[in-house]
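All remarks here apply to the structure that follows.
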Amino acid sequence: MTWCYIGTLCHTPTLGTLELLNDHALLVDDNGFITGVYDADDDAVEDFRLTHPDSVTVFLPSHFLLPTFVDLHLHAPQYTYLGTGLHLPLMQWLDEFAYKSEEMLDADPALARTVYSTLARRLIEYGTGAALLFGTIKEETNIILADVFQNAGLRACVGKLQMDISSRPTYVEPSTQASIAAARSFITRCRALVADLPPHARLVQPVITPRFVPTCSDELLTALGELAAETGVMVQSHLAEAHDQVKWVQATRRKDDMDVFDEAHCTFLTHDELRRMAAYGSKVAHCPLSNAYFSAEPFPLREALELGVEVGLGSDCAGGYTLDIMNAMRHTVAMSRTREGRRTMQRERNAAHPRVTPLSVDWKDALYLATRGGSVALGLASGVFAVGAPFDAQCIQVTDDEGRGVGALDFFVPVPDQLDEATLEKWWCLGDQRNRTGMWVQGKKLL
């Protein structure tokens, strides 16, 4: 069966490009793929409405469809203490909160399923349709995580943590060889979880996940790289995240993170290192909120984009205190404007400052990073309304039937009959889950 959705479409196919498609229609097949993008008065749409009236959904002009958000960096077990302990530096925070929380879920499968089910429901409320997840070190707990997200209808790249070194004696893998064997086993089991489903319905996949350099021996990192090449599985980790973490690596390995890894945060990378990342095809999860708490340097976002590094946004739960990617978008713009302000003042004091173009990004850039940018980083076809893309979408309402703003939106002059950029920007700045009236992943309605 094919479905037809008629109304306003909004997406960002490329960085810096916003398309508002008023009075348009999407045709979506039974497997959840977009088969047609038309003007609403196109003959193909009119014919479909006549022959399949029960398969047509028409959205009022006060609503628009937007691709779902992608969270490119989320520690699933840390959801248990979201919004806690953020006064501490990173390495101490990990010892006092993160490791304990992860160990707690590894010891209690029922609790793990409860936490992960709650997390999945929250992500749907926030419009997040795909997430790159860090799990725990125990294989079984990560299978629970994958199972929960598959059954919730959410896309998830699930990473079993690899840690053959730890500052917490009770939370570490028995040996390097045990860690490697567990990584291989998890890949097999996670793939088997969805093997009997048709390809379009397989929403979860495994990710090789060395936590970061301080918890992984060189032998383990080498073996995991070989495993990734053998299996074709993606790798995620933390790179140059916080000042204390960077100094730790330099003191214990006598080299920088980048040279050990030869990837979320990357706040301490030089231009040459960013060029290396672009050449390697590595992606960056930009987590502006957790960077503000834990990093002494902001991520050089504009420079990374100019150098061709693919970037998406991450909540970094629980280093970031909210799962809402809308907040990540806003913090992304705010942090970039702070960097641009600092550049401007430096140029006033030093006319020879090398940078002459702005460092800031705007709300349209951030919207791209939150949707299409994250999808591209994960190798997904979503994040855009195009033929062949999966129908991963959220429906946003800006006004009610009487023209009053929904949620935090207040309007004191009539809102245009068709969505314009001014109204969209207001939602971007002020909107929240009260504006979200529907959500679909692979054509399946989740909200």
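For the stretch 82-177, a/c is not less than 1.5, where a ≥ b ≥ c are the root eigenvalues of the C-alpha gyration tensor, and a/b does not top b/c. That puts it in the oblate class.
Please give me the summed charge of the neighbours of GLY308: other residues whose Cβ is under 13 Å from its Cβ, Lys and Arg +1, Asp and Glu -1. Summing Lys/Arg as +1 and Asp/Glu as -1 gives +1. Name the shape class, rounded, prolate or oblate, that the alpha-carbon gyration tensor gives for the stretch 69-377, where a ≥ b ≥ c are the square roots of its eigenvalues, rounded holds for a/c under 1.5, and otherwise prolate holds if a/b is larger than b/c and oblate otherwise. It is prolate, given that a/c is not under 1.5 and a/b is the larger ratio.
In this simple spin-label approximation, ALA292 and HIS87 carry label points 7 Å from Cα along the Cα→Cβ vector, and these lie 1.9 nm apart.
Placing pseudo-labels 7 Å out from each Cα toward the beta carbon at ASP42 and THR338 gives an inter-label distance of 4.5 nm. Ordering MET345, MET1 by the number of other Cβ atoms within 10 Å of each residue's own Cβ, fewest first, gives MET1, MET345.
Between THR2 and ALA178, the contour length at 0.36 nm per residue exceeds the Cα-Cα span by 58.5 nm. Counting neighbouring Cβ atoms within 10 Å and putting the fewest first, the residues VAL415, VAL311 line up as VAL415, VAL311.
Electrostatic bookkeeping for GLU140 treats Lys and Arg as +1 and Asp and Glu as -1; over the other residues with beta carbon under 13 Å from its beta carbon, the sum is 0. Model label sites at GLN433 and GLU226, defined 7 Å from Cα along the beta-carbon direction, differ in position by 4.6 nm. Take 14-20, 434-440, 29-35 and order them by the average number of nearby Cβ atoms within 10 Å per residue, most first; the result is 434-440, 29-35, 14-20. The order of the peptides 122-135, 144-157 by mean Cβ neighbours within 10 Å, most packed first, is 122-135, 144-157.
When the helices of the chain are scored as -39500 (n - 2.57) per DSSP H run of n ≥ 4 and the total is divided over every residue, the value at 222 nm lands at -11500 deg cm²/dmol.
Taken together, the values in this text are just the output of simple stated rules run on the coordinates, not laboratory data. Remember, it's a predicted structure, so these values are computed and weren't measured experimentally. All Cβ positions, glycine included, derive from the backbone under ideal geometry; neighbour counts span all protein chains shown.
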